[in-house]
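The values are calculated or read from the model by the stated rules, or taken from the named source; none is laboratory data. Quick caveat, the model's predicted, so the values are computed rather than measured. Heads up, the Cβs are rebuilt from the backbone with ideal geometry, glycines too, and the neighbour counts pull from every protein chain shown. The area values use the complete protein model at the heavy-atom level, side chains included, leaving out ligands, DNA and RNA. Shrake-Rupley method; radii C 1.70, N 1.55, O 1.52, S 1.80 Å.
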Amino acid sequence: MSVVSQVPDGGAAVAERGPPDDDLAAEQTSARILVVDDEKVIREILCEFLAMEGYVVRGVEDGEKALGELRLRPYDMVISDLKMPKLSGLELLERITADNLDVLTVIMTGFGTVETAIEAMKKGAYDYILKPFKVEEVVHIVQRGLDRQRLQQENIRLREALTLYKVSEAIATSLDLDQVLDVILRATVHEVACDVATLHLQDPKTGRYEERMRLAADGARGPAPAPRVEELMGFFQRGAPILAHGVKTNRFLQPIGPGGQPLVSYAAVPLQVSSRVIGMLNVFSFTRGKQFDEGARKMLAILASRAAASIENARLYDDLVVKNEALRSANLSLEENFQQTVAGFAQALEESDRYTRGHSERVAMYAELIARGLTLPDSEVQTVVKAGLMHDIGKIGIRYELINKPGKLSPEEVSMFREHPDKGRRILAPIPCMRHLIEGCWCHHEFFDGGGYPRGLSGQNIPLLGRIVALADAYDAMTSDRAYRRALKHDVAVAEIERCAGTQFDPELAELFLARLEELRADARKRGDLGLIPP
Ligand SMILES: [Fe+2]
């Protein structure tokens with residue numbers, strides 16, 4: 001393809017030539033070069049040759065037209081003559097630098113003006129071409145310049161990719177919101193070279209955007225003014241970029257308080273999850289001459305897009321932790337309620353009979369004495385206490401007259417009575433939070449020598465919970481009044497436990513229990529509190 005076009009403004013010659021093939025995609029990826037020379041022949045020769053090399057080329061006749069072109073569309077390189085009417089090559093170079101136009105400049109000059117060419121290079125020109133030139137030389141310089149520019153751009157992209165990789169990695173592995181915000185602000189201050197960066201997040205309850213964290217560069221001035229959130233939101237919703245300098249920043253920010261530094265430059269980007277703005281990232285420059293450019297704003301936008309999802313994740317995780325905790329405590333209180341209800345049943349059962357009143361609570365107290373003597377962990381001591389309270393829950397299923405019968409039980413009545421440990425197991429089994437108490441109910445009438453019921457277990461085969469409750473139960477049963485006999489004295493009960501240690505009771509537990517019981521009694525006597533201990 002080869003195109004020659006005339007620009008409409010005043011008929012000045014502007015020629016555009018493309019690469020020689022018809023491949024439009026290739027044209028889009030080809031480097032764009034602007035040739036500026038008032039000598040038509042030179043301009044056209046250069047345009048023709050560079051187009052044959054595959055570049056997209058335009059030619060203009062002076063510096064002013066060149067500046068107009070450069071502002072109109074992007075170019076990778078300008079090849080400009082030094083001496084031209086209106087705007088000279090040197091002036092063009094100065095304007096390119098002042099306008100921050102990202103383009104490589106090569107100066108063409110006659111033999112007598114080499115010093116000027118060197119002057120131009122000091123002002124930022126990439127290279128110079130001496131007239132008259134060989135076309136191969138020009139092509140070589142152009143190629144070298146564009147290669148260097150490409151490498152520089154790749155380098156920048158690589159650096160950006162590396163930063164983003166580091167940020168992404170740091171925030172992807174963290175569910176701690178403060179840590180995620182800290183990583184983002186550090187990357188922002190580093191990449192955009194601002195004095196202060198702030199992060200505002202929307203409070204999910206009030207919907208208001210509050211400053212959540214800020215970071216100032218070392219030795220930075222400040223403080224940063226607060227953003228006008230509504231104004232910013234309007235811009236965000238329209239997708240309009242927020243980048244302002246000097247007094248123009250007033251539109252987006254609250255007035256700076258007395259003594260505050262004048263703001264030089266400000267940029268802000270939204271933190272978005274889907275179309276929802278969950279917050280914003282702001283950067284402030286108070287340093288004279290340090291204005292943020294579009295590149296900095298784009299970098300911010302990239303950081304913000306990486307950050308938004310991680311912030312949302314960290315916030316969801318926080319929510320989840322709080323909700324889980326609420327659920328856990330609700331579950332706990334539900335379990336406690338349930339246990340209290342069942343304990344209430346057990347107590348109601350006892351209350352109906354003056355002989356067994358307070359029995360379960362005393363069994364729980366003695367069982368705790370044994371558990372503490374065994375130095376069981378606290379959670380297991382609690383299990384022992386609860387098992388003590390529940391151990392006779394199965395009696396709910398036994399007829400009242402039978403439990404309280406003053407005389408001797410018939411063999412049928414005995415076997416009916418002996419069902420209560422198994423009935424207790426059946427009551428507790430369907431309730432998940434009470435299953436761990438079953439062994440206390442089910443096994444507290446087993447004998448160490450295997451002569452007990454309901455299963456005739458022996459020795460260590462009887463679960464510890466059962467062996468503990470058996471001792472506590474037997475001692476309290478002996479030392480309290482029953483329908484069929486008066487309470488026995490403490491010493492008699494002790495003698496009976498000693499006599500049955502190894503047959504009915506676990507001998508080691510029995511020894512430990514009696515020792516702890518003596519300590520308890522001695523302590524109670526010392527305090528003069530004899531109400532709870534059997535005489
Ligand atoms: Fe019992």
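Which of the residues that make up region 247-299 are closer than 17 Å to Met233 by Cβ and either aliphatic (A, V, I, L, M) or in contact with a Cys (Cβ under 7 Å, 6 or more places away or on another chain) (or both)? Across region 247-299, the qualifying residues are Leu253, Ala267, Ala268, Val269, Leu271, Val273, Val277, Ile278, Met280, Leu281. The requirement of being modelled with pLDDT of 75 or more and open to solvent by 60 Å² or more (accessible area, probe 1.4 Å) is satisfied by Asn337.
Please find, among Leu402, Leu369, the residue that is open to solvent by less than 60 Å² (accessible area, probe 1.4 Å) and modelled with pLDDT of 75 or more. Even if it seems obvious, please write down each step before you answer.
Values: Leu402 fails: modelled with pLDDT of 75 or more.
On inspection, the qualifying residue turns out to be Leu369.
Leu471 - would you say it is modelled with pLDDT of 95 or more, open to solvent by less than 30 Å² (accessible area, probe 1.4 Å) and within 16 Å of the ligand (Cβ to nearest atom)? Even if it seems obvious, please write down each step before you answer.
Working: modelled with pLDDT of 95 or more: yes; open to solvent by less than 30 Å² (accessible area, probe 1.4 Å): yes; within 16 Å of the ligand (Cβ to nearest atom): yes.
When the stated conditions are applied, Leu471 passes them.
Within region 496-506, the set of residues being open to solvent by less than 50 Å² (accessible area, probe 1.4 Å) and part of a helix (DSSP H, G or I) comprises Ile497, Cys500.
Tally the residues that are charged (D, E, K, R), farther than 20 Å from Val41 by Cβ and modelled with pLDDT under 85, restricting the search to region 87-140.
Within region 87-140, residues that are charged (D, E, K, R), farther than 20 Å from Val41 by Cβ and modelled with pLDDT under 85 number 6.
Within region 503-529, residues that are among the β-branched types (Val, Ile, Thr) sit with their Cβ atoms under 9 Å from residues that are open to solvent by less than 70 Å² (accessible area, probe 1.4 Å), at 6+ positions apart or across chains, in these pairs: Thr503/Phe447; Thr503/Phe448; Thr503/Gly451. When you look at Ser379, is it closer than 29 Å to Glu336 by Cα, part of a helix (DSSP H, G or I), among the small types (Gly, Ala, Ser) and more than 14 Å from the ligand (Cβ to nearest atom), yes or no? It is true that Ser379 is closer than 29 Å to Glu336 by Cα, part of a helix (DSSP H, G or I), among the small types (Gly, Ala, Ser) and more than 14 Å from the ligand (Cβ to nearest atom). Annotation for region 508-530: no member residue is in contact with a Ser or Thr (Cβ under 6 Å, 6 or more places away or on another chain), more than 20 Å from Asp449 (Cα to Cα) and part of a loop (DSSP other than H, G, I, E, B).
Among the residues that make up region 388-397, is at least one of them within 17 Å of Phe513 (Cβ to Cβ) and either within 16 Å of the ligand (Cβ to nearest atom) or not in a loop (DSSP other than H, G, I, E, B) (or both)?
The answer is yes, given that some residue of region 388-397 is within 17 Å of Phe513 (Cβ to Cβ) and either within 16 Å of the ligand (Cβ to nearest atom) or not in a loop (DSSP other than H, G, I, E, B) (or both).
Of the residues making up region 415-429, one or more are part of a loop (DSSP other than H, G, I, E, B), under 21 Å from Val469 (Cβ atoms) and away from the ligand (no atom under 14 Å from the Cβ). Among the residues of region 117-142, those that are part of a helix (DSSP H, G or I), under 59 Å from the mean Cα position of the chain (by Cα) and in contact (Cβ under 8 Å) with a residue 12 or more places away in the chain comprise Ala117, Glu119, Ala120, Met121, Val138, Val139, Ile141, Val142.
Take Ile171 and decide whether it is at pLDDT below 85 and buried (at least 19 other Cβ atoms within 10 Å of the Cβ). Answer is yes for this residue.
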